[in-house]
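Just so you know, all these numbers are worked out from the coordinates, no wet-lab data involved. Everything numeric here is computed off the predicted structure, so don't read it as measured data. No Cβ is skipped: glycine too gets one built from the backbone with ideal geometry, and neighbour counts run over all protein chains shown.
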Amino acid sequence: MRVPPRLLAVPVAALLLAGCGSTEPPPPPQVTFAAGGTSIVARPAQYCDVALTQCLTDVAAPVRLAVPPDTPVQVTVPPEVAQTPWQVVFSYADAAGTPNDERSPVFAPDTRTDWTLAPGAPDHRLLTAEVQQYGMPTEPDPQTGEREFPIRASWVLNVS
């Protein structure tokens with residue numbers, strides 16, 4: 001049986017329109033943490049749109065990686081993150097086991113896609129590292145003139 005061409009056009013047009021109507025946003029960017037020859041890819045634990053009006057939280061997103069003492073961690077971000085200001089905040093335990101919090105410099109947009117978190121001393125043990133992508137600054141506070149730079153997204157590494 002031969003199907004008239006105009007009847008074939010209806011299902012084909014429906015399929016094309018269904019594909020064109022899809023406005024699903026691309027998946028959130030992922031960050032790679034690597035140490036001692038092993039790497040792991042992290043989804044964002046928090047991810048907001050550019051306007052910071054719609055945010056998603058993923059409590060299962062933090063990743064775990066074994067990082068031996070005195071081992072650097074290579075952090076690599078995709079272009080979507082590198083095109084905005086970003087930094088790495090991290091926590092380590094010193095020889096006495098006391099936790100210490102530090103942070104990398106804030107990297108200007110489009111200047112780098114990676115950073116190496118190096119131990120400050122041989123007896124420092126990394127506990128966590130978090131990549132933070134900054135969002136658009138807020139309007140200046142009328143009283144102080146200061147702006148806030150909210151965190152738009154974060155990717156978390158827990159060290160085992």
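What number, rounded to the nearest 500 deg cm²/dmol, is the helix-based mean residue ellipticity at 222 nm of the chain, given -39500 (n - 2.57) per DSSP H run of at least four residues and division by all its residues?
-3500 deg cm²/dmol, from helical runs alone.
In degrees between 0 and 90, to the nearest 10, how far off the longest principal axis of the chain does helix 5-20 point, with axes built from Cα atoms?
It works out to around 20 degrees.
Note the full-extension length gain between THR144 and GLN74 as 0.36 nm times their separation in residues minus their Cα-Cα distance, in nm to one decimal.
Length gained, THR144 through GLN74: 21.4 nm.
Residue-wise, which Karplus ³J(HN,Hα) couplings in Hz belong to segment 31-47, taking 6.51 cos²θ - 1.76 cosθ + 1.60, θ = phi - 60°, and x for glycine or proline?
My calculation for segment 31-47 gives 10, 10, 10, 9, 7, x, x, 10, 10, 9, 9, 10, 7, x, 6, 9, 8 Hz in order.
Report the convex hull volume per residue for the chain, counting only C-alpha atoms, in Å³.
Normalising the Cα hull of the chain by residue number yields 198 Å³.
What's the longest uninterrupted piece of the chain once you rule out the trypsin sites (Lys or Arg not before Pro) that are loop residues per DSSP with at most 16 other Cβ within 10 Å?
3-111
Given DSSP loops and a limit of at most 15 other Cβ atoms within 10 Å, what is the longest stretch of the chain that contains no such GluC sites (Glu not before Pro)?
Between exposed loop sites, the widest span is 1-145.
Roughly speaking, what is the stretch gain from MET136 to ASP114, that is 0.36 nm per residue apart minus the C-alpha to C-alpha distance, in nm to one decimal?
Computed gain between MET136 and ASP114 is 5.8 nm.
Run the numbers for ASN100 and THR38: contour at 0.36 nm per residue of separation, minus the present Cα-Cα distance, in nm.
19.8 nm
Between SER160 and ASP49, what is the label-point separation in nm under the 7 Å Cα-to-beta-carbon projection?
3.7 nm
What is the distance in Å between the Cα centroid of segment 79-142 and that of segment 43-75?
12 Å
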